[in-house]
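Undergrad: Below you'll find the structure I mean.
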Amino acid sequence: MEHSEDRTGALAEAVALRERGRQVEACERLVALAVRWPDDAEVAYQTAWAHDVLGREAQAVPYYERALAGTGLTPEDRRGALLGLGSTYRVLGRYEDAVALLTAAAEEFPEDGSLRAFLAMAQYNTGRHHESVRLLLRLLAATSDDPSVRKYRPAIEHYAEDLDATE
């Protein structure tokens, strides 16, 4: 795979365009880069993200999948690609795919609450309401800075395990 200053500079310029709100132009440039460097996971990830920002979820999927199948993503970019693809699957109604992907992602990145929040949404969409609420309650108990939530954390954690419990 060719990795030159040309690729690095062109990718940085395209990302900067997206960050400055010029999403369409950024997406066009990234698609061209993805054609030129089809095996580049970072280019694929940025191209997926550019499509997502424009609401082009179906077009983002193959780029996310290519990014995750490749090598070279930083852990942060891999986490972002997993979240992006899982969320995109959910938006497209591919709920079981979203649950499977986000479950694996949450296991790979257990410290990332956003993955668990998106997993809970996908679980809800599949009718797994108890699992969804349980996951959200655990996340709330573990991450909330609200003093009243902190005060009742043990109770919230207890009831998260058995939502039908009365004592």
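Undergrad: For a paramagnetic label modelled at 7 Å from the Cα of residue 103 toward its Cβ, which residues of region 122-144 fall within the zone defined by backbone nitrogen distances under 17 Å?
TA: 122-136
Undergrad: Further question: How far apart, in nm, are two points set 7 Å out from the Cα along the Cα-to-Cβ line at residue 32 and at residue 16?
TA: In this crude label model, residue 32 to residue 16 measures out at 1.6 nm.
Undergrad: Let me ask another. Want the number for residue 6 to residue 152: 0.36 nm per residue separation, take away the alpha-carbon distance, what's left?
TA: Extra length from residue 6 to residue 152 when fully extended: 47.0 nm.
Undergrad: A follow-up question, please. At a Förster distance of 35 Å, what's the computed FRET efficiency of residue 39 paired with residue 91, Cβ-Cβ distance as r, to 0.05?
TA: 0.85
Undergrad: Could you run the Karplus curve 6.51 cos²θ - 1.76 cosθ + 1.60 with θ = phi - 60° over region 152-162 and give me ³J(HN,Hα) per residue in whole Hz, x for Gly and Pro?
TA: Once θ is set to phi - 60°, the couplings for region 152-162 become 9, 3, x, 5, 4, 5, 4, 6, 4, 6, 8 Hz.
Undergrad: Ok, one more. Bin by bin, in steps of 5 Å, what percent of the Cα pairs in region 32-157 do you find, going until the bin that has the longest distance?
TA: P(r) over region 32-157, rounded to whole percents: 2, 12, 19, 19, 17, 12, 9, 5, 4, 1, 1, 0.
Undergrad: Still on this structure, I have one more. Which value, in debye to the nearest 20, describes the size of the charge dipole of region 1-146 about its Cα centre when Lys and Arg Cβ atoms bear +1, Asp and Glu Cβ atoms bear -1, and nothing else is charged?
TA: Magnitude of the dipole: close to 480 debye.
Undergrad: Which net charge results when you count Lys and Arg as +1 and Asp and Glu as -1 among the other residues whose beta-carbon is under 14 Å from that of residue 84?
TA: -1
Undergrad: Compute the projected area of the convex hull of the Cα atoms of region 1-73, averaged over all viewing directions, and report it in nm² to one decimal place.
TA: Seen from a random direction, the Cα hull of region 1-73 projects 4.2 nm² on average.
Undergrad: Once both axes come from the Cα atoms, what is the angle between helix 41-53 and the longest principal axis of the chain, in degrees from 0 to 90, rounded to 10?
TA: That works out to roughly 70 degrees.
Undergrad: Where a ≥ b ≥ c are the square roots of the eigenvalues of the C-alpha gyration tensor, would you call region 99-167 rounded, which needs a/c under 1.5, or, failing that, prolate if a/b is larger than b/c, or oblate?
TA: It comes out oblate by the Cα gyration axes.
Undergrad: Expressed as a whole number of Å, what is the distance separating the alpha-carbon centroids of region 24-65 and region 110-156?
TA: 31 Å
Undergrad: What are the ³J(HN,Hα) couplings of region 64-71, residue after residue, when phi is run through the Karplus curve with 6.51, -1.76, 1.60 and θ = phi - 60°? Round to Hz, x for glycine and proline.
TA: 4, 4, 5, 4, 6, 7, x, 10
Read the figures in this text as sums done on the coordinates, not as results from a lab. Not measured: the values here are computed from a predicted model. Virtual Cβ from ideal backbone geometry, glycine too; neighbours counted across all protein chains shown.
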